[in-house]
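Below: the structure, in structure tokens.
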Amino acid sequence: MSERTNKLPIYAVICTVVFKLIFLLTHHIQEDAFITWRVAQNLMDYGVIGFNGDTKISASTTHLYVFVSYLFNLIFGKEYFIEPILIFNSILFTIGSLFLSHLLLKNPWHKAIFIFLFGILPPSIKISILGMEYGLLFFLEMALLYYGFKKEKKWALILLPVFILFTRIDTVIFLGIVFLVDTFYNKKIRWSYILGGILGISVALSFNWLYFGEWVNNTIVAKKLLYDKNFTLNQDIEYFRLNYGNFWGMLKVPGDFNPLTILILIFELVCFIFLIRQKEKRNYFLWMLFLFGWAKQFIFLSQKSLFDWYYWVPQILLFVPVIIFVLEQKQKRRLWLSLLIIFYILPMLIFQTVHSIATGNGEWNYRRSIGIFLNFYEKDKNQWILLEPAGYIPYFSGLKTIDEVGLVDKQIQNEIKKDKPHYWINTVKNRKPKYLLSYNNLFNGPDAEYYKEHYRLLEECRINNYLKSDNKILEKIYRLKPSGTDYNLYVRVK
């Protein structure tokens, strides 16, 4: 086999990254990325990991990515770091897919096609371009499997779990599944890996305790406090029925029945069973990926975690057997590959393109505009705004922020504990934030008299005003899938 053929996977990495950079034009960036980036900038400005000045708080779900974001801000500046870090995330994710191809495939052509097809699936695009920590996380996890369990490098087994857990504490699920499969397959315990896991948990928890005075990230505590609900078994079953379709498939669709998801699930299972019956060495890694994908989704669904980014990595890993199955067909491989591309990969890519254009408009053009308006309107950046969510608008306004969930401000959590049904109005009365951004018309609610006395309507923010474009195709996409929520912006008068 020629040297050029052996380099095909590297060429595929380059082509895939370049192809996905087109999505930068959509400005589709996840809201929570701006929370992490503001925490990184707060570290630059105040020397404190926080969100509002010199108050320490683990407002971001990820510590390692905060420090990476800090470095990008330091190198490129606050105005110009976003595109470089998005490109960086895309490169990391695609290198991670290169490691994955080495674990599962032998033929360089198969590896190259795998990398490209895998890289343009909707979750892969979102991991790469939406600005969150999952590009870094996927790279670290695949590097662990490649260097630690394929190449059997002890340094990887010890160090990489530390970086993985410092990126997200819930990666204990991934590390645990890998440990169980490895122990079952090899009938022995890798003590280097045990050491890496102990160090990783120790570093993550110790950092939280020594710096923030808490064992668990504030984001986890805040979400559990506000979203916690007691369900009966029947309610749990109904809840799963209503939501399963949004997570096992690669589409988030309205309604409580998604037949496409059922078909995908069945095909994934069939392909997985077909592959593991071949008694190949790669089955070791297939079991790791597949069991992790199922475990992660079941655990998070059982905890009523509906944020779709929790499911991106499991979604694409569960689809891996499908791509391998098609690539390794000995008869009519081109037909199988053509069918996969025409009837699944291409429609998914088109869907993600439409979704990214529409969502980018609703978030970058619409929600960011509210933040920019406040940035010019309010020069005193020590003023407070109460709103939800805490991404675009706080980032671009520069105002101190109280978010409804309590991700970036702990004081509101005390109001939730004291009087959950009335915590919003109690926060307004006690904290007297200068600005309120609400989904509702506060002058028509149960506390209307208080709001009328102390606040005035400053701006009606309506998504319909942003569903227009000189480009008729873009306008049709905006109207086909409007992304954004109507707000009312209030300013305190006394």
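Just one of Ile164, Ile115, Ile177 is closer than 18 Å to Ile14 by Cβ, among the β-branched types (Val, Ile, Thr) and either surrounded by 19 or more Cβ atoms within 10 Å (Cβ to Cβ) or modelled with pLDDT of 95 or more (or both); which is it? First the steps, then the outcome.
Details: Ile164 fails: closer than 18 Å to Ile14 by Cβ; Ile177 fails: closer than 18 Å to Ile14 by Cβ.
Of the residues listed, the single one that is closer than 18 Å to Ile14 by Cβ, among the β-branched types (Val, Ile, Thr) and either surrounded by 19 or more Cβ atoms within 10 Å (Cβ to Cβ) or modelled with pLDDT of 95 or more (or both) is Ile115.
Return the total of residues in region 66-102 being open to solvent by less than 10 Å² (accessible area, probe 1.4 Å) and more than 14 Å from Ile29 (Cβ to Cβ).
Of the residues in that region, 8 qualify.
Of all residues being among the basic types (Lys, Arg) and part of a helix (DSSP H, G or I) in region 148-157, which is most open to solvent (accessible area, probe 1.4 Å)? Just the residue, please. Spell out the reasoning first.
Going residue by residue through region 148-157, those that are among the basic types (Lys, Arg) are 150-151, 153-154.
This time we only want the ones that are part of a helix (DSSP H, G or I), so: 150, 154.
Values: Lys150: 94, Lys154: 135 Å².
Looking at the filtered set, the residue picked out is Lys154.
Could you tell me how many of the residues in region 319-335 are in a helix (DSSP H, G or I) and more than 18 Å from Arg277 (Cβ to Cβ)? Write out each step before concluding.
Taking region 319-335 and keeping what is in a helix (DSSP H, G or I), we get 319-327, 333-335.
From what's left, more than 18 Å from Arg277 (Cβ to Cβ): 319, 333-335.
Number satisfying all stated conditions: 4.
Does region 40-84 hold any residues that are in contact with a strand residue (DSSP E or B) (Cβ under 7 Å, 6 or more places away or on another chain) and β-branched (Val, Ile, Thr), and which are they?
Val48, Ile49, Ile57
Check off (1) open to solvent by 20 Å² or more (accessible area, probe 1.4 Å); (2) at pLDDT below 85 for Met250 and give me the number that stays unchecked.
For Met250, the failing item is (1).
Hey, does region 158-169 have a residue that's closer than 21 Å to Leu318 by Cβ and outside any helix (DSSP H, G or I)?
The answer is yes; a qualifying residue exists.
Only strands (runs of 3 or more DSSP E) wholly contained in region 423-494 count here; list those with 3 or more residues that are open to solvent by less than 20 Å² (accessible area, probe 1.4 Å). Break it down stepwise before answering.
Details: elements: 435-438, 455-461, 487-492.
Ranges flagged: 435-438, 487-492.
Quick check, is Gly255 modelled with pLDDT of 95 or more and not hydroxyl-bearing (Ser, Thr, Tyr)? Before the answer, list the steps.
Values: modelled with pLDDT of 95 or more: no; not hydroxyl-bearing (Ser, Thr, Tyr): yes.
Criteria not met by Gly255.
Tally up the residues in region 366-393 that are in a helix (DSSP H, G or I) and open to solvent by less than 60 Å² (accessible area, probe 1.4 Å), please. Let's see the steps before the verdict.
Step one: filter region 366-393 for residues in a helix (DSSP H, G or I), giving 366-377, 392-393.
From what's left, open to solvent by less than 60 Å² (accessible area, probe 1.4 Å): 366-372, 374-375, 392-393.
Selection size over region 366-393: 11.
Which one of the conditions (1) at pLDDT 85 or above; (2) buried (at least 17 other Cβ atoms within 10 Å of the Cβ); (3) more than 30 Å from Gly148 (Cα to Cα) does Tyr211 fail to meet, given that it meets all the rest?
All conditions are met except number (2).
Among the residues that make up region 303-313, is at least one of them surrounded by 19 or more Cβ atoms within 10 Å (Cβ to Cβ) and among the β-branched types (Val, Ile, Thr)?
yes
Return a yes/no flag: does region 34-45 have any residue that is aliphatic (A, V, I, L, M) and open to solvent by 20 Å² or more (accessible area, probe 1.4 Å).
So in region 34-45, the residues aliphatic (A, V, I, L, M) come out as 35, 39-40, 43-44.
Subsequent filtering for residues that are open to solvent by 20 Å² or more (accessible area, probe 1.4 Å) retains 43-44.
Scanning region 34-45 turns up at least one residue that is aliphatic (A, V, I, L, M) and open to solvent by 20 Å² or more (accessible area, probe 1.4 Å).
Do we have Lys56 as assigned by the TED database to the domain that holds Ile324 and closer than 27 Å to Phe343 by Cα here?
On the way: assigned by the TED database to the domain that holds Ile324: yes; closer than 27 Å to Phe343 by Cα: no.
Judged against the criteria, Lys56 is not a match.
Restrict the check to region 384-399 and report whether at least one residue is charged (D, E, K, R) and in contact with a helix residue (DSSP H, G or I) (Cβ under 9 Å, 6 or more places away or on another chain).
Filtering region 384-399 for residues charged (D, E, K, R) gives 388.
Those left that are additionally in contact with a helix residue (DSSP H, G or I) (Cβ under 9 Å, 6 or more places away or on another chain): none.
No: region 384-399 contains no residue that is charged (D, E, K, R) and in contact with a helix residue (DSSP H, G or I) (Cβ under 9 Å, 6 or more places away or on another chain).
Name the single residue, out of those in region 261-287 being farther than 19 Å from Phe298 by Cα and at pLDDT below 85, that is surrounded by the most Cβ atoms within 10 Å (Cβ to Cβ).
It comes out as Glu280.
Can Leu43 be described as over 26 Å from Gly484 (Cβ atoms) and either in the same structural domain as Phe114 (by the TED database) or at pLDDT below 95 (or both)?
Numbers: over 26 Å from Gly484 (Cβ atoms): yes; either in the same structural domain as Phe114 (by the TED database) or at pLDDT below 95 (or both): yes.
So Leu43 fits the description; yes.
Could you tell me which residue of region 344-365 is least open to solvent (accessible area, probe 1.4 Å), considering only residues that are more than 26 Å from Tyr487 (Cα to Cα) and β-branched (Val, Ile, Thr)?
Ile345
The values are calculated or read from the model by the stated rules, or taken from the named source; none is laboratory data. If you're wondering where the values come from, they're calculated on a predicted model, not measured in any experiment. With ideal geometry, Cβ positions are generated from the backbone for all residues, glycine too; neighbour counts draw on all protein chains shown. Accessible surface is based on the protein model in full, side chains and every heavy atom, while ligands, DNA and RNA are left aside. Shrake-Rupley method; radii C 1.70, N 1.55, O 1.52, S 1.80 Å.
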